[in-house]
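The values are calculated or read from the model by the stated rules, or taken from the named source; none is laboratory data. Only a predicted model underlies this, so the values are computations on that prediction, with no experimental measurement involved. Note that we place each Cβ from the backbone using ideal geometry, even for glycine, and neighbour counts take in every protein chain shown. SASA here: full protein model, heavy atoms, side chains in, ligands and nucleic acids out. Shrake-Rupley method; radii C 1.70, N 1.55, O 1.52, S 1.80 Å.
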2 protein chains.
Amino acid sequence: MALENQAAGGHEPRRAGRPANRVLTRESITSATLTLLETVGYEGFTIAALARHLKVAPSALYNHVESKRDVLIWVQDHLMGLVDTSGFQSHPWDDALRSWAWSYRAAFAAHAPLVPVIAVMPVGGAYETLRMYEEVTRALLHAGWPRERVISTIVAVESFIYGSAMDVSAPTNIFDPGALADDFPLFTSAVTSSSSAGTERSGADDAFDVGLEALLVGLRAQLERLRSPASAE
Amino acid sequence: MALENQAAGGHEPRRAGRPANRVLTRESITSATLTLLETVGYEGFTIAALARHLKVAPSALYNHVESKRDVLIWVQDHLMGLVDTSGFQSHPWDDALRSWAWSYRAAFAAHAPLVPVIAVMPVGGAYETLRMYEEVTRALLHAGWPRERVISTIVAVESFIYGSAMDVSAPTNIFDPGALADDFPLFTSAVTSSSSAGTERSGADDAFDVGLEALLVGLRAQLERLRSPASAE
């Protein structure tokens, strides 16, 4: 890792053994922000806290970013850049949406504390994020989705992805009724016989698969109806 | 509101004008926790902070709860108790699931900061929560869902609900590409012509409706296939 003397009191002569500070780059700031958000959460995240975490003076950080919002855009763009959109260029819209959704969930499952932050974050200024949405939009329009339905369709699938990304970090015993098992026998038996119970596949993967396939079947039916309104009910 | 002298230093004689403290009940503690979680988030929520918020000594709170976990169970049970499950007794499973989902989303949309907390919280000891799951399970089994598919089906719908509940608090301009509009013309035009644009219906309601109806169509198809495996592909 590249190191450089950027201490706040930079007038002191550099000495061997003196703690050097990280070069501040978009990458290093983004990476530090990801770590910090995991531990202190959105409420505890401030430019001052980030500066402490990076061992630089806040003023050094303000040479690179104007505000907390700037840093969060970098984080959003970093995560969205991890989402695989390659399917939209080569596959039917529904197959592409499936691989996009699995990849999107994986990117956010690895940073579950960020889900509620990014889920409500405006996309203005976030280039990678907008690039992703542009690709999804192009594919949906090409498949015949009416322009006015594109956003609600994307948000519907995203809501499922965000909820599912949080579910990945749920404890495996989340549905264990404990001492109340006898009071709720049907639910208890459903938990015990759950198809993921005792298998290597996680309950979260199972549920994501069930929900995503159901969504795709339903969306295909909606598209068919929208494309041939004459045959609508 | 009932008031009572419960100050920690209760040996002092009670004087007129001395600030009285709230009676600590399950209801008053739950209500204070909801308020506190909205402002300080899950990371900032401690028994000590709750005691300060309630203006009582932590020891007074420990007469009612053993831990943060106890308080969170009350909050979970309170929110789940708001979810309308009446449809499961009188309607087909899919209609009941629809009204349950709308009601579930409404309960959590009003407390969006709690979504990531409750979404991964074990249900052990949470009576109202387990009662709700028992009713949903009974209806799904009655409709012919195989026991081993009940949990993944519930989690799939819940993930969509949790993600959608967060989306309710997203700013209305969340998809405004701002200065980058010209770089992403397809997405920009989809945002502008979005079916909720300029209407009274919110984009979040639109997306929830689209996604929920798609899910229900897909789940109905899954159930049909599961009930008549002979006709499966």
Within the range A:79-139: Cβ-based charge dipole about Cα centre, in debye rounded to nearest 20 (Lys, Arg +1; Asp, Glu -1): 100
Buried accessible area, chains B and A (both chains, 1.4 Å probe, Å² to nearest 100): 5600
Whole-angstrom gap from the range A:25-96 to the range A:118-135, using each part's C-alpha centre: 13
Contact order relative to length of chain A, as percent, for alpha carbon pairs under 8 angstrom and 6 or more apart: 15
Positive-pole candidate from A:Tyr127, A:Met80, A:Ala96, dipole of chain A, charges at beta carbon: A:Tyr127
Residue of A:Ser103, A:Ser194, A:Ser86 that the Gaussian network model of chain A assigns the largest fluctuation, springs spanning Cα pairs under 10 Å: A:Ser194
Computed over the range B:103-226: relative contact order in percent, which uses C-alpha pairs under 8 Å that are six or more apart: 29
Ranking by accessible area, most exposed first, for B:Ser202, A:Ser59 with a 1.4 Å probe: A:Ser59, B:Ser202
Label-point gap, in nm, between B:Ser86 and A:Ser28 - each point 7 angstrom along Cα→Cβ: 6.2
Candidate aspartates and glutamates for bridging to B:Lys55, where Cα separation is under 13 Å - those fewer than 8 sequence places away on the same chain excluded: B:Glu4
At least 30 Å² accessible surface lost relative to isolated chain, residues of the range A:117-135 (1.4 Å probe): A:Ala119, A:Val120, A:Pro122, A:Val123, A:Tyr127, A:Leu130, A:Tyr133, A:Glu134
Residue of B:Tyr162, B:Tyr133, B:Tyr62 that the Gaussian network model of chain B assigns the largest fluctuation, springs spanning Cα pairs under 10 Å: B:Tyr62
Value at 222 nm in deg cm²/dmol, rounded to 500, when DSSP H runs of n ≥ 4 in chain B each add -39,500 (n - 2.57): -19000 deg cm²/dmol
Copy-to-copy label separations for A:Gly178, where each label sits 7 Å from Cα toward Cβ, in nm and ascending: 4.5
In sequence order, calculated HN-Hα J values of the range B:185-193 (Karplus, 6.51, -1.76, 1.60; Hz; x Gly/Pro): x, 5, 4, 4, 5, 5, 5, 5, 9
Derived scalar couplings ³J(HN,Hα) [the range B:218-228; Karplus, 6.51 cos²θ - 1.76 cosθ + 1.60; whole Hz; x for Gly, Pro]: x, 5, 4, 5, 5, 4, 4, 5, 5, 7, 10
Karplus 3J(HN,Hα) series, Hz, for the range B:201-211 with 6.51 cos²θ - 1.76 cosθ + 1.60 (x for Gly, Pro): 5, 7, x, 5, 5, 4, 5, 5, 4, 4, x
Accessible surface of the range A:38-116, 1.4 Å probe, proportion on carbon and sulfur as whole %: 54
Residue with peak Gaussian network fluctuation, chain A [Cα springs, cutoff 10 Å], from A:Met121, A:Met166, A:Met132: A:Met121
Cα-based shape type of chain B, given that a ≥ b ≥ c are square roots of the gyration tensor eigenvalues and the cut on a/c is 1.5: oblate
Label spacing, shortest first and in nm, from A:His53 to its equivalents in the remaining copies (7 angstrom along Cα→Cβ): 2.4
Minimum 30 Å² accessible area buried by the other protein chains, the range A:30-62 residues, probe 1.4 Å, relative to alone: A:Glu43
For the protein assembly as shown, size of Cβ-based charge dipole, Lys and Arg +1, Asp and Glu -1, in debye: 1360
Largest-first ordering by accessible area, 1.4 Å probe, given options B:Val56, B:Val168: B:Val168, B:Val56
Å² of accessible area per residue within the protein assembly as shown, as computed with a 1.4 Å probe and no ligands counted: 45
Residues along the range A:175-214 losing 40 Å² or more of accessible surface when the other protein chains are present rather than the chain by itself (probe 1.4 Å): A:Phe175, A:Leu180, A:Phe184, A:Leu186, A:Phe187, A:Ala190, A:Ser193, A:Ser195, A:Ala207, A:Val210, A:Ala214
Surface accessible to a 1.4 Å probe, B:Lys55 within the full protein complex, Å²: 150
Reachable aspartates and glutamates, given that their alpha-carbon falls under 17 Å from the alpha-carbon of B:Lys68 and they are not under 8 places away in the same chain: B:Glu27, B:Glu38, B:Glu43, B:Asp77
